Amino acid sequence: EKGRSCGTLDKYNAALKAAGKNELSAGAEPYQSAKHLVKLRNSLVHYKPETLYKVSRRWNVYLKYFDPNALMSDSELSFPDKVLGTGCADWAWRSAKAVTDEFAKRFGITMNYQQVGFDSSSLRGGK
């Protein structure tokens with residue numbers, strides 16, 4: 001598409017393809033979670049004003065990936081009340097790590113955090 005920049009996941013696949021490796025499948029994990037993470041990030045960073053009820057309905061899709069913000073359990077609104085919380089933050093970093101781990105595995109490289117023995121077992125678990 002003219003005028004549209006290439007996204008992160010497209011760049012991952014372009015690098016894998018150029019190296020003769022198998023690309024990440026757009027219809028499977030961890031690609032799907034990473035795709036939703038990029039959409040969530042872009043919605044927050046490039047926010048376009050609209051009513052909260054309209055926005056909230058669209059954000060319900062994210063709640064299948066993580067536990068809603070427990071402090072806002074009485075709220076009708078998914079966004080920002082139920083979406084933005086520790087469940088979302090936990091899912092976000094795990095999704096980013098999973099797609100990066102898979103890319104590194106397919107590419108045959110070891111990421112810096114893998115070299116130092118990053119242990120995520122002490123961090124909060126998600127869905």
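Please indicate, with yes or no, whether at least one residue in region 17-37 is assigned to a helix (DSSP H, G or I), free of Cβ contacts under 8 Å to residues at least 60 places away in the same chain, at negative phi and over 11 Å from the mean Cα position of the chain (by Cα).
Yes.
For the structure I just gave you, tell me whether LEU37 is in contact with a helix residue (DSSP H, G or I) (Cβ under 6 Å, 6 or more places away or on another chain), under 30 Å from ALA19 (Cβ atoms) and either hydrophobic (A, V, I, L, M, F, W, C) or open to solvent by 40 Å² or more (accessible area, probe 1.4 Å) (or both).
yes
Within region 92-111, is even one residue crowded, with 17+ Cβ neighbours inside 10 Å and not in a helix (DSSP H, G or I)?
No - not one qualifying residue is present in region 92-111.
Consider only pairs whose beta carbons are under 8 Å apart and that are at least six residues apart or on different chains; among these, list those whose first residue lies in region 51-62 and is under 9 Å from SER78 (Cα atoms) and whose second residue is loosely packed, with under 13 Cβ neighbours inside 10 Å and of a type in the set (Asp, Glu).
Here the result reads SER56/GLU76, each pair linking region 51-62 to a residue that is loosely packed, with under 13 Cβ neighbours inside 10 Å and of a type in the set (Asp, Glu).
Would you confirm, using the coordinates I've provided, whether ASN42 is buried (at least 17 other Cβ atoms within 10 Å of the Cβ), without any contact (Cβ under 8 Å) to a residue 24 or more places away in the chain and not in a loop (DSSP other than H, G, I, E, B)?
The answer is no for ASN42.
If the Cβ limit is 9 Å and pairs must be 6+ apart or interchain, which residue in region 107-122 that is closer than 29 Å to LYS17 by Cβ and modelled with pLDDT of 85 or more pairs with which residue that is in a loop (DSSP other than H, G, I, E, B) and open to solvent by less than 80 Å² (accessible area, probe 1.4 Å)?
Sorted first by the residue in region 107-122, then by its partner, the pairs are PHE107/ALA19; GLY108/ALA19.
Residue check, LYS48 against (1) in a helix (DSSP H, G or I); (2) closer than 24 Å to GLY7 by Cα; (3) open to solvent by 40 Å² or more (accessible area, probe 1.4 Å); (4) out of contact with any helix residue (DSSP H, G or I) (no Cβ under 6 Å at 6 or more places or on another chain), all met but one. Which one?
Status for LYS48: all satisfied but (1).
List every residue pair whose Cβ atoms sit under 6 Å apart, with the two residues 6 or more apart in sequence or on different chains, where the first one lies in region 87-102 and is touching a residue at least 60 places away in the same chain (Cβ under 8 Å) and closer than 20 Å to ALA15 by Cα and the second, anywhere, is open to solvent by less than 40 Å² (accessible area, probe 1.4 Å) and not in a helix (DSSP H, G or I).
Correct list of pairs: ALA98/PRO30; VAL99/PRO30; GLU102/PRO30.
Kindly indicate whether any position in region 57-80 is aliphatic (A, V, I, L, M), in a loop (DSSP other than H, G, I, E, B), farther than 26 Å from ALA104 by Cβ and open to solvent by less than 60 Å² (accessible area, probe 1.4 Å).
Scanning region 57-80, I find at least one residue that is aliphatic (A, V, I, L, M), in a loop (DSSP other than H, G, I, E, B), farther than 26 Å from ALA104 by Cβ and open to solvent by less than 60 Å² (accessible area, probe 1.4 Å), so the answer is yes.
The values are calculated or read from the model by the stated rules, or taken from the named source; none is laboratory data. This one's a predicted model, so the numbers in the text were calculated from it and none came from an experiment. We place every Cβ from the backbone using ideal geometry, glycine too, and count neighbours over all the protein chains shown. When the accessible area is computed, the model is the full protein with side chains, heavy atoms only, and any ligands, DNA or RNA have been set aside. Shrake-Rupley method; radii C 1.70, N 1.55, O 1.52, S 1.80 Å.
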